[in-house]
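Reading through the structure tokens given below for one structure.
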Amino acid sequence: MSMIKKIARGLRNPGTLPAYCNAKTIDYRIKINNAFVGKRTRPKPPVTGLAALDEIQARALVRTDINDHLVTLFIESLSPAPKLIVELGVRGGETAFVLERVASLCGSRVVLVDIEDCSGVTSCASSTFVKSDDVELGKRFPAWCRERGWEPQIDILHIDTSHLFAHTTQEIEHWFPHLGAKAKVFLHDTNLTPVFRRRDGSMGKAWNNERGVIRALERYFNKPFNETRDFIDYSRGWLIKHDAVCNGFTILERIELPSQT
């Protein structure tokens, strides 16, 4: 539909015009900003001694809604030497690409879960794609693992699904009980707003989820967080690390501390 037709429709239905104008303002703001940012030279990262890291760093040069966090996801996922990795929400496979390279280095199994058929994003032998509602699978995950002769203990859990408060709360309720003693949990879109900014200054269009994911974490930890800024916190045996850029990325790392007297 042409812009003229959209404006004409807005005039016939005045209630839709402010939303349309606001959306176009956001589009132009992003376009103008990125035109200036795009002129800057984006230096290529140096070649490392780790081929998987080089692949991920190259992929992270492509601007997406999560490219700023791909290297972090890779590095952070290596330290637990995971045996079982679960991703909830696959989409185009950006983070599956990262997690499968972790799996190749650590000998891990990867379970990719999405309500849509995303089986085409992976050809990795260590990966199993499951087309399912992730909450329903979480409820029966131990039995699902036992059917395959697997230990139902998750070392890495990545959550990137609806970003809604009620859904994320249910994911926490039904997946956290399957986490191992040294597990890490990654949650994307913990700082989701209509416009997000990447580390290189470029911007992208998102949406307002009414703080759905971060509110679910606030409910779980029973404390407030300021997701608009980077922070490090600790609660309920979890080290909480938050990066505010690129829609927000929050890492939960289970840590056993000596008893304090």
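The values are calculated or read from the model by the stated rules, or taken from the named source; none is laboratory data. Because the structure is a prediction, the values reported are computed rather than measured. Here the Cβ positions follow ideal geometry from the backbone for every residue, glycine too, while neighbour counts run over all protein chains shown.
Summary of values
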read-out: The range 171-230, residues that are among the polar types (S, T, N, Q) and farther than 26 Å from R29 by Cα; value: N222
read-out: Unmet criterion (only one of (1) surrounded by fewer than 17 Cβ atoms within 10 Å (Cβ to Cβ); (2) touching a helix residue (DSSP H, G or I) at 6+ places or on another chain (Cβ under 8 Å); (3) outside the structural domain of D160 (by TED's automatic domain parsing); (4) not charged (D, E, K, R)) for V71; value: (3)
read-out: Residues satisfying the stated conditions in the range 44-57, i.e. in contact (Cβ under 8 Å) with a residue 12 or more places away in the chain and aliphatic (A, V, I, L, M); value: A52, L53, I56
read-out: Within the range 97-147, considering residues that are small (G, A, S) and touching a Cys at 6+ places or on another chain (Cβ under 8 Å), the one nearest to E76 (Cα to Cα); value: A103
read-out: Failed criterion for H69 (all others in (1) free of Cβ contacts under 8 Å to residues at least 40 places away in the same chain; (2) at negative phi hold); value: (1)
read-out: Test: residue in the range 84-104 that is out of contact with any Phe, Trp or Tyr (no Cβ under 8 Å at 6 or more places or on another chain), among the hydrophobic types (A, V, I, L, M, F, W, C), surrounded by fewer than 23 Cβ atoms within 10 Å (Cβ to Cβ) and within 20 Å of F176 (Cα to Cα); value: no
read-out: Within the range 138-169, considering residues that are hydrophobic (A, V, I, L, M, F, W, C) and over 22 Å from D189 (Cα atoms), the one surrounded by the fewest Cβ atoms within 10 Å (Cβ to Cβ); value: A143
read-out: Unmet criterion (only one of (1) in contact with a strand residue (DSSP E or B) (Cβ under 9 Å, 6 or more places away or on another chain); (2) within 26 Å of A52 (Cβ to Cβ); (3) among the aromatic types (F, W, Y)) for W144; value: (2)
